[in-house]
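The values are calculated or read from the model by the stated rules, or taken from the named source; none is laboratory data. This structure is a prediction, so every number in the text was calculated from the model and none was measured. Here the Cβ is made from the backbone with ideal geometry for all residues, glycine too, and neighbour counts use every protein chain on show. Just so you know, the surface numbers come from the protein's heavy atoms only, side chains and all, with ligands and any DNA or RNA stripped out. Shrake-Rupley method; radii C 1.70, N 1.55, O 1.52, S 1.80 Å.
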Amino acid sequence: MNGIWIFLMGVSVVFAAVNGRLEDFTKSIFDAARSAVEVSLFLLGIVALWMGIAKIIEDSGLIHKLSAIFRPLVCRLFKNIPPDHPSIASITLNFLANLLGLGNAATPLGIQAMQDLQSLNKDPEKITAEMMLFIVINTASIQLIPFTVIGILADFGSRNPSWVVFPTFLATVLSAVFAVGALLVCRRILK
Amino acid sequence: MKAIRLLSQLFIPIFIFGVIFYGVFKKVRVYDSFVGGAKDGLRVVIRIFPYLLAIFVAIKAFQASGAFDFAREMLHAWLGSFAIPLEAISIALIKPLSGSASLGLFTDVVKTTGPDSFASRLSAVILGSAETTFYVLAVYLGAVGIKKTRYLVPVCLVGDAAGIFLAVLIVKWFF
């Protein structure tokens with residue numbers, strides 16, 4: 001991330017100077033600061049809401065039941081997660097929320113999953129293979145039906161707004177398979 | 001499709017009802033548990049905030065400086081032989097950076113080229129199959145304070161690029 005940040009900021013300053021857009025540049029970083037606060041406030045609400053629900057799941061022991069149900073599914077992909085670990089439940093719930101297109105539920109569930117995976121990490125600053133796999137599957141964003149997109153197409157009078165459903169599903173599944181494959185190749189080569 | 005829509009509408013209400021019901025059944029003081037858990041949310045979001053700020057500043061500056069337009073033109077010229085509409089290239093480039101910006105752009109494409117045009121359908125598939133990668137990275141890595149990301153970021157970017165090429169191939173094939 002360090003390299004990417006330096007690249008984006010450096011290129012931006014140079015382009016702003018060359019294009020005579022230095023004023024836009026300055027304005028944009030203050031705009032960005034404001035939208036970071038707005039997004040964080042929004043996150044605060046949904047994350048606190050989910051953490052409250054999650055605490056009930058934990059205190060009531062439901063977490064062990066959920067982990068037991070989803071274990072065969074998750075442990076096949078994530079080899080180093082011990083059985084009956086809370087991350088099994090949070091990972092599955094995050095994937096389910098993504099599949100159903102529930103972005104507001106998926107983000108806090110993903111944060112919870114990352115925290116659960118971090119509890120298995122020996123070096124807290126270094127990412128584990130499980131975390132990488134989890135994030136790569138998340139950024140491939142497998143979704144059954146893209147409701148928002150279909151809604152916009154329908155609003156503008158498309159004859160067949162659901163035409164996009166199958167191509168989208170195919171593209172997202174294939175790109176997920178490709179990304180996971182690339183990750184596994186890197187893992188083997190760069191051990 | 002109706003069934004999936006129904007399922008996605010029912011999922012959260014049923015889940016929350018089930019959790020509370022189970023908690024009461026197990027004699028947990030659910031209200032106190034909920035409040036106790038929610039308290040941790042504040043700490044998590046405070047930890048994420050600096051990461052989010054850093055990535056937002058970089059992305060907005062990249063767009064405002066004209067570097068984004070330059071990258072788009074370059075890519076369009078380079079991909080000219082594949083006959084990919086400029087609108088779809090814009091969406092493909094902006095989706096990993098910003099969810100709301102890409103949705104606004106998509107609405108624009110549908111408005112100008114019509115809802116059943118090749119550009120609209122390709123943009124729709126790209127929008128539905130790509131993720132706001134940098135936001136996900138900032139939030140998920142920030143939440144646990146990971147600094148050494150090894151080969152994660154390149155893999156995510158290669159995955160994004162592959163997703164866009166797949167979207168183009170698939171839409172051309174189906175259209």
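Structure above, values below:
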{"item": "Cβ neighbours within 10 Å from other chains - mean over A:142-152", "result": "5"}
{"item": "Net charge of Cβ neighbours under 11 Å - reference residue A:175; Lys, Arg +1; Asp, Glu -1", "result": "-2"}
{"item": "Calculated [θ] (222 nm, deg cm²/dmol) that DSSP helices of n ≥ 4 give over chain A, each run adding -39,500 (n - 2.57)", "result": "-26000 deg cm²/dmol"}
{"item": "Average beta-carbon neighbours from other chains, 10 Å sphere, peptide B:130-141", "result": "6"}
{"item": "Shielding by other protein chains, B:21-32, mean Cβ within 10 Å", "result": "4"}
{"item": "Karplus (6.51, -1.76, 1.60) ³J(HN,Hα), θ = phi - 60°, over region A:138-145, in Hz, Gly and Pro reported as x", "result": "5, 6, 7, 6, 6, 9, 5, 10"}
{"item": "Interchain or long-range residues, amide H under 5 Å from residue A:126's placed H", "result": "B:147, B:148"}
{"item": "Summed residue charge, Cβ within 15 Å of residue B:95's Cβ, Lys/Arg positive, Asp/Glu negative", "result": "-3"}
{"item": "Burial order of peptide ranges B:87-94, A:175-182 (average beta-carbon count within 10 Å, highest first)", "result": "B:87-94, A:175-182"}
{"item": "Pairwise centroid distance, computed over Cα atoms, of region A:97-127 with region B:124-170, Å", "result": "15"}
{"item": "Contact order relative to length of region B:54-175, as percent, for alpha carbon pairs under 8 angstrom and 6 or more apart", "result": "25"}
{"item": "Distance (nanometres) between label positions extended 7 Å along Cα→Cβ at residue A:4 and residue A:65", "result": "3.9"}
{"item": "Set of lysines with alpha-carbon distance to residue B:95 below 17 Å, sequence-local pairs under 8 removed", "result": "B:60"}
{"item": "Where A meets B: accessible area buried, both sides, 1.4 Å probe, Å²", "result": "8600"}
{"item": "Restraint check, A:65/B:2; A:65/B:147; A:79/A:126, Cα-Cα greater than 26 Å", "result": "A:65/B:2; A:65/B:147"}
{"item": "Ranked by how many other beta carbons lie within 10 Å on average, peptides A:102-108, B:118-124, A:117-123 from highest", "result": "B:118-124, A:102-108, A:117-123"}
{"item": "Mean separation of Cα contacts under 8 Å (6+ apart) over length of region A:42-190, as relative contact order %", "result": "19"}
{"item": "Ranked packing of B:55-64, A:20-29, most packed first, by mean Cβ within 10 Å", "result": "B:55-64, A:20-29"}
